[in-house]
Amino acid sequence: MRDLLRVPEGERVNLASYAADATPGRPVDKAAGILATAQMGERLTDLQERLHAASTAGDRRRVLLVLQGMDTSGKGGTVKHVIGQFNPLGCRIKAFKTPTPEELDHPFLWRISQALPAPGEIGIFDRSHYEDVLIARVHELVPPSDLGRRYGRINNFEQSLTDDGVTVIKCFLHISYEQQRRRLLRRLDAPDKHWKFDPGDIDERALWPAYQEAYEIALERCSTAHAPWYLIPADRKWYRDWAISGLLLEHLDMLDPRYPKADFDVGLARKRLLSDGGS
């Protein structure tokens with residue numbers, strides 16, 4: 001999956017050339033994809049436990065999954081259907097909203113640093129530091145010169161993370177304009193989904209070309225050897241879940257965390273338990 005979905009480093013990105021309903025490398029059909037995703041869950045759970053166990057012996061490695069995409073692209077759905085397979089005690093999930101006054105008083109990467117996973121954890125960012133080169137670009141929130149420097153700061157920041165044992169997996173959930181309309185309409189048609197609808201989403205749709213350009217620039221400038229971007233066609237929810245599960249599994253398999261050896265005498269502990277008379 002890494003080679004199949006990876007955005008080439010340094011190459012110009014044209015999102016119009018990527019079909020949002022594509023299913024590269026997919027199982028034979030939707031049913032097979034859903035089954036394959038479920039089957040990956042057992043292996044993912046085992047690797048997560050091993051990652052956490054290794055941290056108790058000083059292993060500093062951890063994983064950070066970054067989810068970016070337009071509204072309705074499936075960031076929350078990924079958390080529910082993919083991350084939901086993990087033990088929540090080993091996950092750190094952060095949804096980044098509009099910066100608070102305190103956060104605005106600091107450099108833009110400060111609030112990101114506060115939410116990073118600890119050793120042994122799997123961190124999930126629902127939106128991320130990339131908001132500061134996406135929304136900031138589209139809505140002209142910072143001067144162009146400051147915006148241009150942010151890409152380099154992001155690359156340096158992600159390099160520092162990987163140097164410190166963080167495996168960064170950045171997924172751009174690529175949804176089509178037409179599919180977003182269908183998903184927004186479904187929210188309007190279902191009273192129990194109204195809470196998920198924001199009329200401002202309609203205003204943001206009017207800026208779709210500007211957002212696509214902003215994403216293309218971010219993907220081009222920030223897909224690096226140490227922290228590449230993966231482009232996930234997201235019109236089909238089952239494929240999105242299968243692809244991201246596969247990416248997580250490949251990265252965790254590559255880490256191959258191991259259970260630490262006991263730092264006590266196992267035989268002696270067993271002998272004591274067997275001789276305590278059950279008291």
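Descriptive notes on the structure:
- Taken across the stretch 46-57, residues that are closer than 25 Å to ARG6 by Cα and surrounded by fewer than 17 Cβ atoms within 10 Å (Cβ to Cβ) do not occur at all.
- Filtered residues of the stretch 251-279 (kept if open to solvent by 100 Å² or more (accessible area, probe 1.4 Å) and either over 30 Å from VAL82 (Cα atoms) or not in a helix (DSSP H, G or I) (or both)): ARG258, TYR259, LYS261, ASP263, PHE264, ARG270, LYS271, ARG272, LEU273, LEU274, SER279
- Some residue of the stretch 163-172 being of a type in the set (Lys, Arg) and either assigned to a helix (DSSP H, G or I) or open to solvent by 20 Å² or more (accessible area, probe 1.4 Å) (or both): no
- Count of residues meeting criterion [surrounded by 15 or more Cβ atoms within 10 Å (Cβ to Cβ) and either part of a helix (DSSP H, G or I) or touching a residue at least 60 places away in the same chain (Cβ under 8 Å) (or both)] in the stretch 84-102: 2
- Out of LEU51, LEU47, LEU64, sole residue that is touching a residue at least 12 places away in the same chain (Cβ under 8 Å) and in contact with a Phe, Trp or Tyr (Cβ under 9 Å, 6 or more places away or on another chain): LEU64
- Qualifying residue in the stretch 175-183 (condition: within 29 Å of LEU109 (Cα to Cα) and either open to solvent by 20 Å² or more (accessible area, probe 1.4 Å) or free of Cβ contacts under 8 Å to residues at least 12 places away in the same chain (or both)): no
- Residue satisfying all of: in the stretch 138-158; in a helix (DSSP H, G or I) and open to solvent by 70 Å² or more (accessible area, probe 1.4 Å); farthest from LEU207 (Cα to Cα) among these: ASN156
- Residue in the stretch 119-137 that is free of Cβ contacts under 8 Å to residues at least 40 places away in the same chain, of a type outside the set (S, T, N, Q), under 25 Å from GLY246 (Cβ atoms) and open to solvent by less than 30 Å² (accessible area, probe 1.4 Å) present: yes
- Any hit, the stretch 61-78, residues being open to solvent by 30 Å² or more (accessible area, probe 1.4 Å), at pLDDT below 95 and in a helix (DSSP H, G or I): yes
- Extreme residue, surrounded by the most Cβ atoms within 10 Å (Cβ to Cβ), among residues of the stretch 221-250 that are under 15 Å from TYR151 (Cα atoms) and touching a helix residue (DSSP H, G or I) at 6+ places or on another chain (Cβ under 9 Å): TRP229
The values are calculated or read from the model by the stated rules, or taken from the named source; none is laboratory data. Source: prediction; values computed, not measured. Backbone-built Cβ (ideal geometry, glycine too); neighbour counts: all protein chains shown. These accessible areas exclude ligands, DNA and RNA; they are computed on the full protein's heavy atoms, side chains included. Shrake-Rupley method; radii C 1.70, N 1.55, O 1.52, S 1.80 Å.
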